[in-house]
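Participant: Sharing a structure with you now.
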Amino acid sequence: REGRGGGSGVPLAPRLASRSSVLREVTEDVTSLAGGGPRTMFALLGATTLVLVAGVPWMLPAAAGGTNLNSPQNVEVYIVDDTFILRWNRSSPSVRNVTFSADYQILENGAWLKLPGCQSVASTECNFSSVKLNVYEEIKLRIRAGEGNNTSPWRYVDSFTLFEKAQIGPPKVHLEAEDKAIIINISPPGTKDGGMWASDSSSFIYSLDIWKNSSSGERKTKTVYSRDKIYELSPETTYCLKVRARLLPRKTGVYSPVYCIKTAVENKLPPPENIQVDAKNQTYVLKWDYAQENVTFHAQWLHAYLKKIPGDNSGKWKQIPNCKNVRTTQCVFPKNTFHKGIYLIRVRASDGNTTSVWSHEEKFDTQLQITLFPPVITMKSTNNASLRVYISAPEESENKPVNHLYPLIYEIAFWENTSNAERKILEKRTDFTFPQLKPLTVYCVKARALIQDERWNKSSVFSDIVCEKTKPGNTSKTWLIAGVCAALFSIPVVIYVMKLLFRCISYVFFPSSKPPSTIDEYFSEQPLQNLLLFTSEELTERCFIIENTNTIAAVEETNQTDGEHKKYSSQTSQDSGNYSNEDESTGSKFSEEFLHQETE
């Protein structure tokens, strides 16, 4: 009644504060008397309920008379290296004297704690970098607005880990100039004592963009260590560069500011070039190229992994045995100088008090310094005009196979023995076949072993040449069978044709010496000559045609008289071109003689 009437004249806020203090006192009394038994407990609870109910009419009007606050909007977390920023937007820009407070919760603990640096903040962002959190633990944030005793509902941020949200900031870069190179020193992103990249400082990969400080300068991108050297530059030339860090597999930082530096005047002594290391028995041979004479050389080595550790490693280089103050462009040192691993080697030249800069740092991997011996090849001819090739893996000098330590592939050169055209293939298998070759042809093969790794360029010399002749293929057999069948079939045909030809030749050139018996008895005076053969003088023959042989037979049987013998008819042959008719007297005379002989 007092609250509704307002007759007391006491302001509303003090009265609400007094009611709140009464509620706190009652709550404390309930807590202190909780051990007084069930009846006392129920009595106290009833009294407390009455007080709360009585207090509600005093609180609701206060809330109704205040300003309703909305939760902050667009709450986001920005993390760059070790700097943690929470940002948001005001929900009611017209409302003044509003502050913001944030809490955080580690999901494993469950309790909400006040977020340091983000309590009663009047701006729309706060820095909570001072909080000591595990960057890999999952946390949640919440934030609300407040004006006096009036507060908005909480606005929650989805759970996240600091490492997931973190972005890689720009690294710091320090440059030193040489005549044809620039030494670069990169400080990893983040603070020195920061916890975001504490375990990844040596895992950063740095990308560098470098160009000449001119309008036509071409930009080149290189991957460098935290302390590295950029070679092949021009003396007395200004170069500019910028660097950014990457952390695999998917974090890429922002570029650093652009740094520029001018290279120095060219040194009188150039550095050695083309550094290389070869293995020979139980020693290593370090070689390099140098144009000038009457100079000495000095070589050093360093563990390659030290280049990944930030900081100055110039004092960690060590002298290579037998490679100090040498006057030749090579030096020999024992293999036990280096254990298994990757090293960097550099060389410089000296002429009295004048010294060149260090050469390009050459990477040297002891695992690659092995001698690959050529493989052993065996080749065998198989059916279908094919050749099967067997390759035995190369061996070290200690006769230990190396293919179980290094993945090997084989380069095979293959050609016909009568041709110089080689066909080369790469094979991982040690047993394979060249199919469908030319039958009965000699082929030759040679091979060499290669280490199967794109970073390693190691190979053996070619093996001895092995040659083999292919067997007849199925096609040759088919033609052989067809040839035999054709020969068997053609033999009777040939015999028959030869027989016919022989008969024709015999008939033409070697005719029978006797004519048929019917004609031979009438023309026995003159032998039959071959009419096909020409003679020096054409012969004329008298021929007669006997028209009726039955009449002659009848004359012989009846033994007729001479007068009756003259009754038969006779006729001389007509002229055929080569023969002419005799006169009648001659024919008559011949007929009479013929009949007389017949009669006798």
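The values are calculated or read from the model by the stated rules, or taken from the named source; none is laboratory data. Computed from a prediction, not measured in an experiment: that's the story for all the values here. When we count neighbours, we look across all protein chains shown, and the Cβ atoms used for this are built from the backbone with ideal geometry, even at glycine. These accessible areas exclude ligands, DNA and RNA; they are computed on the full protein's heavy atoms, side chains included. Shrake-Rupley method; radii C 1.70, N 1.55, O 1.52, S 1.80 Å.
Participant: If I histogram all Cα-Cα distances within the range 236-348 using bins 10 Å wide from 0, what percent of pairs lands in each bin?
Facilitator: Going from the shortest bin to the longest, the percentages are 11, 30, 30, 21, 8, 0.
Participant: Could you check the simple spin-label distance between residue 163 and residue 436, using points 7 Å along Cα→Cβ, in nm with one decimal?
Facilitator: 5.7
Participant: Next question, about the same structure. Run the accessible area of the range 230-359 with a 1.4 Å probe and give the carbon-and-sulfur part as a rounded percent.
Facilitator: On the way: 3400 of 7430 Å².
That fraction is 46 percent.
Participant: About the Cα centre of the range 91-155, what is the dipole size in debye to 20, counting +1 per Lys and Arg Cβ and -1 per Asp and Glu Cβ, all else neutral? Could you put the intermediate results ahead of the total?
Facilitator: Working: 7 positive and 6 negative charges, 38 e Å.
Dipole size: approximately 180 debye.
Participant: Quick one: if you stick a label point 7 Å off each Cα along the C-beta vector at residue 381 and residue 232, how many nm between them?
Facilitator: Each label point is offset 7 Å from its Cα along the Cβ direction, giving 5.3 nm.
Participant: Turning to a different aspect of this structure: Set the Förster distance to 25 Å, then compute FRET efficiency between residue 293 and residue 365 from the Cβ-Cβ distance, nearest 0.05. Could the numbers behind the result be given before it?
Facilitator: On the way: r = 32 Å, r/R0 = 1.28.
Calculated value: 0.20.
Participant: Something else about it: Output the pairs from 268/308; 222/424; 222/307 with a Cα-Cα distance over 25 Å in this structure; if there are none, say none. All intermediate terms of the calculation are to be shown ahead of the outcome.
Facilitator: Numbers: 268/308 32 Å; 222/424 36 Å; 222/307 16 Å.
Violating the 25 Å Cα-Cα cut-off are 268/308; 222/424.
Participant: Contact order normalised by length for the range 201-315, with contacts defined as Cα pairs under 8 Å and 6 or more residues apart; what percent is it? Show your work: numbers first, answer last.
Facilitator: Values: 160 pairs, mean separation 28.9, N = 115.
The value is 25 percent.
Participant: What full-extension length gain, to one decimal in nm, is calculated for residue 324 and residue 176 as 0.36 nm per residue of separation minus the Cα-Cα distance? Write out the running numbers ahead of the final one.
Facilitator: Working: separation 148, 0.36 × 148 = 53.28 nm, distance 2.65 nm.
Extra length from residue 324 to residue 176 when fully extended: 50.6 nm.
Participant: Within 10 Å of each candidate Cβ there may be at most 10 other Cβ atoms; applying that plus a DSSP loop requirement, which GluC sites (Glu not before Pro) in the range 92-167 survive?
Facilitator: Numbers: sites: 108, 125, 137, 138, 147, 164; in loops: 108, 137.
Here the GluC sites (Glu not before Pro) that fit, given the DSSP loop and packing criteria, are 108.
Participant: In the range 286-339, if the dipole is taken from +1 on Lys/Arg beta carbons and -1 on Asp/Glu beta carbons about the Cα centre, which of 295, 310, 333 is farthest to the positive end?
Facilitator: The residue sitting farthest along the positive end of the dipole is 310.
Participant: Rounding to the nearest 20 debye, state how big the charge dipole of the range 334-389 is about its Cα centre with +1 on each Lys and Arg Cβ and -1 on each Asp and Glu Cβ. Display every interim value, and only then the final one.
Facilitator: On the way: 7 positive and 4 negative charges, 73 e Å.
Here the size comes out at about 360 debye.
Participant: Pulled fully out, how much extra length does the chain show between residue 255 and residue 120, if you take 0.36 nm times their separation in residues and subtract their Cα-Cα distance?
Facilitator: Working: separation 135, 0.36 × 135 = 48.60 nm, distance 3.53 nm.
Contour length minus Cα-Cα distance gives 45.1 nm.
Participant: Further, regarding this structure: Going by average Cβ density within 10 Å per residue, which order do the peptides 316-328, 183-195 take, highest to lowest?
Facilitator: Values: 316-328: 13.7, 183-195: 17.3.
Packing order, densest peptide first, comes out as 183-195, 316-328.
Participant: What shape does the range 159-279 take by its C-alpha gyration tensor, where a ≥ b ≥ c are the square roots of the eigenvalues and a/c under 1.5 counts as rounded, a/b above b/c as prolate, and the rest as oblate? Walk me through the numbers on the way to the answer.
Facilitator: Working: a/c = 2.55, a/b = 1.79, b/c = 1.43.
Note, shape of the range 159-279 comes out prolate.
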